[in-house]
Amino acid sequence: MKSPLLSLPGAVAAEGRDEGVAAHYGDLFREQSALAEGAGLVDLSHRGVVTVTGDDRLAWLHLLLTQHVSALPAGQATEALILSANGHIEHALYLVDDGETVWAHVEPGTQEALIAYLESMKFFYRVEVADRTGDFAVVHLPAGSIAEVPEGTVVRETPYGRDAFLPRADLEPYATAHGPLAGILAYEALRIEGHRPRLGFETDHRTIPHELGWIGSAVHLQKGCYRGQETVARVHNLGKPPRRLVFLHLDGSDVHLPGPGTPVRLAADGPEGRQLGFITTSGRHHELGPIALALVKRNVPLDAELMAGDTAAAQEVVVEA
C-alpha cells in the first residue's frame, strides 16, 4: 500500500518494513517536537487492518490471544499477542471493539498470515474474519491532540495517543486538514523513548513476551489457556527470561547511527569482546540525541557501560534482570 501522502511536498519515502509511508516531510526534529507537544498526525496507512465480527468474536479471540478480552468493553483499547506452541511471539495485535466489530491494526504485511491462522481456528464459532487493509488506513494522533475525527470513526485511545481507522478515501483530505504531518521516523523515535517494543524490530524467531516487557500490557497472567501459555507461566513463576530489553543513550559525537543487528558488548572488553546482545531499533531524538533499544543477555550488569559496534552506550533498565 503506497500512501497518497507521499505525493505531498517534502515527503521522503520510508524504506524497509515501513515502505509505503513517509519517513519524514523535510524536518525530522520539528516533526518530533510537534508530536511531543500533541500536534499533528502520523500516517500509518501501511499497517494491516483486520476485523472480526460475529456474536462469538470476543469469547473466541479470548481463547487465542494472550490478553483477557472476553469482556472487553466497547471503546477500550488493548493489545495482544499470538504465540507459538513454544511461547515465541508470532503476531502483535492492537485492538479495540466498537460494540459490533473488533478492529485491529498489525505490522505491515503480516495480516495475511494472521488471517490464515485465525481462519484455521474458527471451528464452530460464529465469527467472520476480514482483511480491511484496502478499505481503511490507520492514522495516529499524539497524546494531547485536540483534532477531531469524523463521526463514526473507530478509534483506539492509548496513553500515547489515538489510532483512528479512517476510510482510505478520506486519508489525504483529513491529513491535510489536521497537520502538521510527521513521518514514521519521528513516530519511531518517540516509540524508542517510550520503550515500546515492536514486532519484527524487537522480536526474532525466539523472543518470548517477558524479554520485552509485554507482560501486563499485552499478556494477561490470570486468564485461561492459550497456545504458548505454558511457557509464559513457567518463566513467570519459576525463572527469568534469557534476554532483556534495554534503552540505550548513544554517544552523540558519532555521525554514524548503529543500525538493527549491531552487536552490543561490554565497553571494558573492547570491540573484540564477546557479543552480549544487539541493537533492535535506533533513532535520533529531538532532545535526547541518538537513542536505541537493544536485547541483551539477562546477566549483563545493570550499571555496565556498553558499546554498540564502535559507539559508546549507556543503558537504562526496561526489563528487570
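Okay, here's what the table says:
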| read-out | value |
| --- | --- |
| Between the range 90-162 and the range 190-232, the alpha-carbon center distance in angstrom | 18 Å |
| 20 Å cut-off, amide nitrogen to a point 7 angstrom out along Phe123 Cα→Cβ, residues in the range 80-95 | 81-87 |
| P(r) tail fraction, the range 152-307 - alpha-carbon pairs more than 18 Å apart, % | 67 percent |
| For Gly228, distant residues with modelled amide H under 5 Å away | Gly87 |
| Tail beyond 20 Å, pair distance distribution of the range 73-142 (Cα, percent) | 34 percent |
| Two-decimal Rg/Rh across the range 225-267, once Rg and the Kirkwood Rh are taken from alpha-carbon atoms | 1.20 |
| Reciprocal of mean inverse Cα separation for the range 48-87 (Kirkwood radius, Å) | 11.2 Å |
| Accessible carbon and sulfur surface of the chain relative to its total accessible area, %, 1.4 Å | 52 percent |
| Reach of Lys297 by Cα under 28 Å, taken over lysines that are not fewer than 8 positions away in the same chain | Lys240 |
| Three semi-axes of the equivalent ellipsoid, the range 249-301, Cα gyration tensor, whole Å, largest first | 20, 12, 10 |
| Stretch in the chain that is longest and holds no GluC sites (Glu not before Pro) that DSSP places in a loop and that have at most 15 other beta carbons within 10 Å | 152-271 |
| Spatially proximal aspartates and glutamates relative to Lys122 (Cα-Cα < 12 Å; intrachain offsets below 8 disregarded) | Asp56 |
| Residue-span extension gain [Ala177 to Gln275] - 0.36 nm each, minus C-alpha spacing | 30.4 nm |
| Test item: Cα-centred dipole of the chain, Lys/Arg +1 and Asp/Glu -1 on Cβ, debye | 940 debye |
| Dimensions (Å) - the range 64-197, Cα atoms, principal axes, largest first | 45, 32, 27 |
| Computed over the range 171-261, Kirkwood Rh from alpha-carbon pairs, angstrom | 16.4 Å |
| For the range 5-53: rounded, prolate or oblate by the Cα gyration tensor [a/c cutoff 1.5] | oblate |
| Theoretical gain in end-to-end length, Leu238 to Ala268 [0.36 nm per residue, Cα-Cα removed] | 7.6 nm |
| Per residue solvent-accessible surface (Å²) - the chain, probe of 1.4 Å | 44 Å² |
| Net length gained if the chain between Asp170 and Glu100 were fully extended (0.36 nm per residue, minus Cα distance) | 23.0 nm |
| P(r) weight above 15 Å for the range 12-82, C-alpha pairs, percent | 68 percent |
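The values are calculated or read from the model by the stated rules, or taken from the named source; none is laboratory data. No experiment lies behind these values; they were computed from the predicted model shown. Using ideal geometry, Cβ is built from the backbone for each residue, glycine included, and neighbour counts are taken over all protein chains shown. SASA here: full protein model, heavy atoms, side chains in, ligands and nucleic acids out. Shrake-Rupley method; radii C 1.70, N 1.55, O 1.52, S 1.80 Å.
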